[in-house]
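Take a look at the structure set out below.
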Amino acid sequence: MEMEQRRLGILDAQANGSRSGGPSFSLGHRAHRAVWKLTWALLAAWTPAPLHPWRALLLRLFGAKLASNARVHGSAKIWYPPNLTMEVNTLIGPVVTCYSMAPIRICAHAIVSQGAHLCAGTHDIDDPHFQLVARPITIGANAWVAAEAFVGPGVIVEEGAVLGARGVALKDLPAWSVHAGNPARFIRQRARITSP
């Protein structure tokens, strides 16, 4: 686990004094994010919906792995593009926060709706130095994260699963199931669909 955190650029909280204002990420990582944030603000955040190809190009230039028809709205916030993978016919809707401290993978035909929050980072609350910990998130094929829902670190929303509006998923959601609420609870099974 420690090696994986280092691979993600996360620094040791005790050695770097993260809890008292020291950095949690390497200088190179922070510089990449600063240039990315400025680029997105100047060249993408204000662009209208039909300019998905332009925004996808910018994301790719900064290290994201996007299929040719993946779509990201301009008002979305992608924290660190190299940790984002979007497969065919995927969507990150308006005002989505993609807090990609660890890899976030959005599989084919999956939708992340407006205002949703994919949060791949947390802290070790039992560590006196409040060590930052990042865990990958996967949104499975044909899954739907509905409006203003929250997906926590390490969660897998399996194929065809639905997290209802404002739902909070802190553990994996089984395939073709519907969950809602805080914390998300099972509502019912979803009919299996085939991608168009």
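Taking Ala41, Ala147, Ala161 as the candidate residues, the one with maximal mean-square fluctuation in a Gaussian network model of the chain, Cα springs under 10 Å, is Ala41.
Along the charge dipole of the chain, which of Ala161, Met3, Gly22 sits closest to the positive end, that is, farthest toward it, with unit charges on the beta carbon of Lys, Arg, Asp and Glu (+1, +1, -1, -1)? Projecting each Cα onto the dipole axis, the largest value belongs to Ala161. Full extension of the segment from His123 to Asp172, taken as 0.36 nm per residue of separation minus the current Cα-Cα distance, would add 15.7 nm. Once C-alpha pairs closer than 8 Å and six or more residues apart are averaged by separation and normalised to the residue number of region 2-189, the relative contact order reads 13 percent. Of the beta bridges in the chain, as assigned by DSSP with both residues counted there, near 20 percent are antiparallel. Legend: ranking of residues Phe186, Phe130 from fewest to most surrounding C-beta atoms inside 10 Å; resulting order Phe186, Phe130. Out of Pro23, Pro94, Pro128, any idea which swings most in a Gaussian network model of the chain, alpha carbons joined below 10 Å? In this elastic network of the chain, the residue with the biggest mean-square fluctuation among Pro23, Pro94, Pro128 is Pro128.
Where a number appears in this text, it was derived from the coordinates with a stated rule and is not lab data. Computed from a prediction, not measured in an experiment: that's the story for all the values here. Backbone-built Cβ (ideal geometry, glycine too); neighbour counts: all protein chains shown.
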